[in-house]
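Take a look at the structure below.
The values are calculated or read from the model by the stated rules, or taken from the named source; none is laboratory data. Quantities reported herein were computed from a predicted structural model and do not represent experimental measurements. Cβ placement follows ideal geometry from the backbone for every residue including glycine, while neighbour counts extend to all protein chains displayed. Note: accessible area is taken over every heavy atom of the protein model, side chains too, but ligands, DNA and RNA are not part of it. Shrake-Rupley method; radii C 1.70, N 1.55, O 1.52, S 1.80 Å.
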Amino acid sequence: MPRVARPAPALAAVGEAPLTTLPGCGPKVAEKLAARGLLTLQDLWLQLPRQYEDRTRVTPIRLLQPGVAAQVEGRVEAVERGFRWRPLLRVAVGDESHATLVLRFFHFRAAQVSQFVPGTRLRCYGTPRPGQHGLEIVHPSYRVLDDADDAELGSSLDPVYPAIEGLGPASLRRLIGLALDRLPAAESLELLPADLRAALNLPSLRDALLTVHRPPADADVAALLAGRHPAQRRLALEELLAHHLSLRRQRLAQQAHAAPPLRGLALARQLRDRLPFALTGAQQRVFAEILADLAKPSPMLRLVQGDVGSGKTVVAALAAMLAVESGKQAALMAPTELLAEQHLNNLRGWLEPLGVRVAWLAGKVTGKARRDVLAAVASGDAQVVVGTHALMQEGVAFRDLALAIVDEQHRFGVHQRLALRDKGAAASPDAPGSVPHQLVMTATPIPRTLAMAAYADLDVSAIDELPPGRTPVQTVALSGERRPELVERIRTACAEGRQAYWVCTLIDDSDEVVAQAAQGTFEQLSAQLPSVRVGLVHGRMKPAEKQATMRAFKDGAIDLLVATTVIEVGVDVPNASLMVVENAERLGLAQLHQLRGRVGRGSAASSCVLLYQPPLSAMARERLATMRETNDGFVIAEKDLELRGPGELLGTRQTGLAGFRVADLARDADLLPQVHELGERLLVDAPDVAARIVARWVGGAVRYAGA
Ligand code: ADP
Ligand code: MG
């Protein structure tokens with residue numbers, strides 16, 4: 001096997017130099033960069049452009065496409081100003097393709113207005129969107145051209161960097177440029193084995209960085225814009241490798257710890273025998289896998305994947321019983337308060353009859369109540385603790401945490417999961433230095449290759465069977481104009497004793513705006529449906545209010561629940577059999593699937609109506625069609641991957657991975673097999689190189705790798 005390149009330490013250290021060694025980077029600027037985790041020259045080398053602006057050519061206005069950034073050149077045809085109390089400036093620009101584009105400004109200075117005299121020649125750059133009168137660009141960057149001015153077009157793509165608060169884009173570009181000037185020679189930077197680079201025809205790290213930051217004039221523009229340039233692929237490969245190694249190292253480090261073996265099954269049996277249903281075959285199989293892990297003296301690291309409604313919670317509760325039976329504690333953490341509360345209610349209902357004490361800890365538990373809970377957690381009086389992120393906070397100390405369960409793992413980062421684990425480290429009175437077993441659950445099915453990337457540190461179990469008696473949800477897509485029919489349908493359904501969700505979504509997901517929209521819909525539906533008991537939940541309500549409304553819905557005291565996507569994750573009301581999703585065209589497949597999973601949980605035939613605002617983009621049309629065609633989470637996940645084109649990140653929520661700098665799991669999935677092979681090879685042959693790759697890309701996360 002060829003040797004792995006080892007950089008000369010002295011030269012590699014250039015990358016470690018602090019940013020204050022750059023001219024013009026004083027302590028103030030350095031502080032702003034540090035706030036974004038940028039501390040060394042190397043951090044700036046790896047601060048990669050998020051996109052490129054192509055000013056190398058001019059696009060005729062007629063050929064502009066909505067959503068595709070472009071540069072256009074034309075003459076001002078007309079100018080319109082809004083009223084004084086509502087500043088607005090619209091500039092119509094026409095070109096030789098006999099088409100007109102509107103430039104729209106909400107903030108502008110008087111000097112700007114006077115520039116836009118009809119007949120003036122402009123060159124502008126931006127992303128056109130459909131507006132009132134054809135395409136428009138909001139706040140384009142632009143320059144006025146002299147009539148004589150044959151202003152040269154750009155000769156290469158302009159990199160656009162992720163914004164850094166308090167630092168203008170030009171200053172940032174300048175600093176990155178200065179840092180790049182100090183890039184050492186290729187050999188001293190390289191960490192990837194030469195044979196691999198040759199086999200894949202990938203450039204050196206140095207060349208790749210220079211190409212990506214300063215694309216040469218003859219670079220393949222289309223490939224760069226699409227993120228498929230060999231330079232970007234090379235960086236993506238190393239970044240994916242870094243994440244893979246970091247997860248693998250975490251796993252190795254974790255398994256070097258001790259964990260308390262948990263074996264007693266009496267409580268779990270009691271719980272199982274009292275359940276109002278029999279476990280499905282898949283639940284039994286997964287529980288058996290968990291039992292085998294728990295019996296070992298090293299920590300379980302297991303992910304349970306199961307489609308929405310497959311019954312993960314009860315499996316978690318059964319596992320918790322083993323911890324309790326050993327005189328230890330279990331914790332269950334959920335990403336939203338609504339979901340955590342629901343778990344609390346379920347667990348109390350199941351466990352308290354067995355004499356198991358269940359405690360509740362969320363951010364909103366304060367004052368004396370909080371002190372009491374913390375005391376119960378610390379004394380071990382609380383045997384099972386259910387809560388939100390609050391469980392991970394400082395000041396929460398368990399007496400003896402033996403099992404940490406994280407629900408809807410995709411909503412948390414890997415590091416949050418580990419923070420909960422740390423609550424158990426070294427605390428155990430009879431096994432000092434041991435760590436808890438970890439069980440994480442997710443309803444977001446992800447394709448196998450991606451699962452390997454996102455969960456390289458975990459064993460995976462799948463609950464691949466739904467409880468019996470569920471009927472698949474019938475899904476239809478309806479244009480918003482048909483809303484009145486739908487309201488009628490809800491009236492009929494509720495009169496028959498069915499319950500329904502009406503989900504409000506908006507493109508702006510600020511809590512406040514969505515809450516207002518939900519409030520408006522709530523008022524409107526209440527007025528239109530006097531015979532129907534309508535309730536409202538949104539993220540801006542007090543937890544107690546939310547909980548009371550959810551309870552009323554669950555108890556059947558509310559027929560129609562108007563909600564924001566706060567109900568997206570995990571909420572379980574089996575009698576609800578109708579769901580309406582407004583603006584469904586704006587949601588991604590994963591989110592639609594999660595939402596739809598709220599119905600079809602009981603035995604009644606359920607339906608889901610996806611309301612959309614025409615016109616639909618091709619992508620939205622496909623998404624809605626996919627939702628109509630299948631209820632299978634894995635099919636949906638594959639389709640999702642296929643539809644998300646280059647450039648659209650598979651975000652943290654989907655994978656549990658923090659945002660990548662350059663890699664895109666959907667686009668670069670074909671690199672994963674190499675990443676795995678190379679990763680295993682490095683861990684065995686050159687652990688020091690593996691460590692450096694992790695340090696280079698994953699930085700702050702290294703603490704966990706070494707822990
Ligand atoms: P998810 O996997 O989406 O978290 P839940 O754990 O919320 O699903 O379970 C969904 C519903 O199915 C709950 O009401 C739960 O009590 C019920 N359930 C779980 N297992 C079974 C089973 N084997 N048979 C019938 N109902 C079940
Ligand atoms: Mg769940």
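Out of all the residues in the range 346-360, which are part of a helix (DSSP H, G or I) and more than 13 Å from ligand 2 (Cβ to nearest atom)? Show your work before the answer.
Quick first cut of the range 346-360, residues part of a helix (DSSP H, G or I) only: 346-354.
Listed by number, the residues that qualify are Arg348, Gly349, Trp350, Leu351, Glu352, Pro353, Leu354.
Among the candidates Gly327, Gly309, the residue that is touching a residue at least 24 places away in the same chain (Cβ under 8 Å), within 14 Å of ligand 2 (Cβ to nearest atom) and outside any helix (DSSP H, G or I) is uniquely Gly309.
Is it the case that Gly363 is modelled with pLDDT under 95, part of a loop (DSSP other than H, G, I, E, B) and under 30 Å from Gln591 (Cβ atoms)?
Numbers: modelled with pLDDT under 95: yes; part of a loop (DSSP other than H, G, I, E, B): yes; under 30 Å from Gln591 (Cβ atoms): yes.
In short, yes.
Residues considered: Asp158, Asp146. Of these, the only one that is within 33 Å of the chain's Cα centre (by Cα) and of a type in the set (D, E, K, R) is Asp158. Does any residue of the range 268-280 turn out to be of a type in the set (Lys, Arg), open to solvent by 10 Å² or more (accessible area, probe 1.4 Å), more than 16 Å from ligand 1 (Cβ to nearest atom) and in contact (Cβ under 8 Å) with a residue 40 or more places away in the chain? No, because not a single residue in the range 268-280 is of a type in the set (Lys, Arg), open to solvent by 10 Å² or more (accessible area, probe 1.4 Å), more than 16 Å from ligand 1 (Cβ to nearest atom) and in contact (Cβ under 8 Å) with a residue 40 or more places away in the chain.
Among the residues of the range 338-360, those that are surrounded by fewer than 19 Cβ atoms within 10 Å (Cβ to Cβ) and at pLDDT below 95 comprise Asn345, Asn346.
Taking the conditions exactly as written (in a strand (DSSP E or B), in contact with a Leu (Cβ under 7 Å, 6 or more places away or on another chain), touching a residue at least 60 places away in the same chain (Cβ under 8 Å) and open to solvent by less than 10 Å² (accessible area, probe 1.4 Å)), does Ala402 satisfy them or not?
Values: in a strand (DSSP E or B): yes; in contact with a Leu (Cβ under 7 Å, 6 or more places away or on another chain): yes; touching a residue at least 60 places away in the same chain (Cβ under 8 Å): yes; open to solvent by less than 10 Å² (accessible area, probe 1.4 Å): yes.
Yes, satisfied.
Determine if the range 603-612 includes at least one residue that is among the polar types (S, T, N, Q), more than 16 Å from ligand 1 (Cβ to nearest atom) and in contact with a Leu (Cβ under 8 Å, 6 or more places away or on another chain). Outline the logic, then answer.
From the range 603-612, those among the polar types (S, T, N, Q) are 603, 606-607; that's our starting set.
Those left that are additionally more than 16 Å from ligand 1 (Cβ to nearest atom): 607.
When the remaining residues are screened for being in contact with a Leu (Cβ under 8 Å, 6 or more places away or on another chain), the result is 607.
Checked against the condition, which is being among the polar types (S, T, N, Q), more than 16 Å from ligand 1 (Cβ to nearest atom) and in contact with a Leu (Cβ under 8 Å, 6 or more places away or on another chain), the range 603-612 yields at least one hit.
Selection within the range 310-337: residues that are open to solvent by less than 10 Å² (accessible area, probe 1.4 Å), within 16 Å of ligand 1 (Cβ to nearest atom) and out of contact with any strand residue (DSSP E or B) (no Cβ under 7 Å at 6 or more places or on another chain). The member of this set that is farthest from Ala576 (Cα to Cα) is Met321. Scanning the range 590-630 for residues that are farther than 21 Å from Ile490 by Cβ and surrounded by 22 or more Cβ atoms within 10 Å (Cβ to Cβ) returns Ala590, His593, Gln594, Arg623. Residues that are under 25 Å from Gly311 (Cα atoms) and open to solvent by 80 Å² or more (accessible area, probe 1.4 Å) were ranked within the range 466-494; the one that is nearest to ligand 1 (Cβ to nearest atom) is Pro468.
For beta carbons closer than 7 Å, sequence separation of 6+ or different chains, a first residue in the range 465-494 that is outside the structural domain of Gln284 (by TED's automatic domain parsing) and a second that is open to solvent by 70 Å² or more (accessible area, probe 1.4 Å) and within 16 Å of ligand 1 (Cβ to nearest atom), the qualifying pairs are Pro467/Phe277; Gly469/Ser603.
In the set (1) over 21 Å from Leu19 (Cα atoms); (2) open to solvent by less than 60 Å² (accessible area, probe 1.4 Å), Pro162 fails one condition alone, (1).
Does Ala334 fit the bill of being within 16 Å of ligand 2 (Cβ to nearest atom), among the small types (Gly, Ala, Ser) and under 13 Å from Pro261 (Cα atoms)? So Ala334 fails the test.
Can we say Pro215 is in a loop (DSSP other than H, G, I, E, B) and surrounded by fewer than 16 Cβ atoms within 10 Å (Cβ to Cβ)? No, not satisfied. The residues of the range 250-285 that are within 16 Å of ligand 2 (Cβ to nearest atom) and outside any loop (DSSP other than H, G, I, E, B), listed by number, are Ala282, Gln283.
Among the residues of the range 292-309, what is the count of those that are closer than 17 Å to Gly633 by Cβ and more than 8 Å from ligand 1 (Cβ to nearest atom)? Reasoning before the result, please.
Taking the range 292-309 first, the residues closer than 17 Å to Gly633 by Cβ are 303-309.
Cutting the leftovers down to more than 8 Å from ligand 1 (Cβ to nearest atom) gives us 303-305.
Total meeting the criteria: 3.
Within the range 527-553, residues that are part of a helix (DSSP H, G or I) reach partners that are among the basic types (Lys, Arg) with beta carbons closer than 8 Å, at six or more positions or on different chains, in the pairs Pro543/Lys364.
Looking at this structure, is Ala563 touching a residue at least 24 places away in the same chain (Cβ under 8 Å), crowded, with 23+ Cβ neighbours inside 10 Å and more than 16 Å from ligand 1 (Cβ to nearest atom)? Step through it out loud before you land on a result.
Working: touching a residue at least 24 places away in the same chain (Cβ under 8 Å): yes; crowded, with 23+ Cβ neighbours inside 10 Å: yes; more than 16 Å from ligand 1 (Cβ to nearest atom): yes.
Spelling it out, Ala563 is indeed touching a residue at least 24 places away in the same chain (Cβ under 8 Å), crowded, with 23+ Cβ neighbours inside 10 Å and more than 16 Å from ligand 1 (Cβ to nearest atom).
Residues that are modelled with pLDDT of 85 or more and outside any loop (DSSP other than H, G, I, E, B) were ranked within the range 443-469; the one that is farthest from ligand 2 (Cβ to nearest atom) is Asp459. For the range 495-537, the set of residues classified as in contact with a Lys or Arg (Cβ under 8 Å, 6 or more places away or on another chain), within 20 Å of Leu578 (Cα to Cα) and open to solvent by less than 40 Å² (accessible area, probe 1.4 Å) consists of Tyr501, Thr505, Leu529, Val532, Val537, listed by residue number.
Taking the range 366-397 on its own, how many of its residues are crowded, with 17+ Cβ neighbours inside 10 Å, in contact (Cβ under 8 Å) with a residue 24 or more places away in the chain and of a type outside the set (Gly, Ala, Ser)?
Residues meeting the conditions: 10.
Counting only helices (runs of 4 or more DSSP H) that fall entirely inside the range 655-707 and contain at least 3 residues that are modelled with pLDDT of 80 or more and open to solvent by 50 Å² or more (accessible area, probe 1.4 Å), the qualifying elements are 672-685, 687-698.
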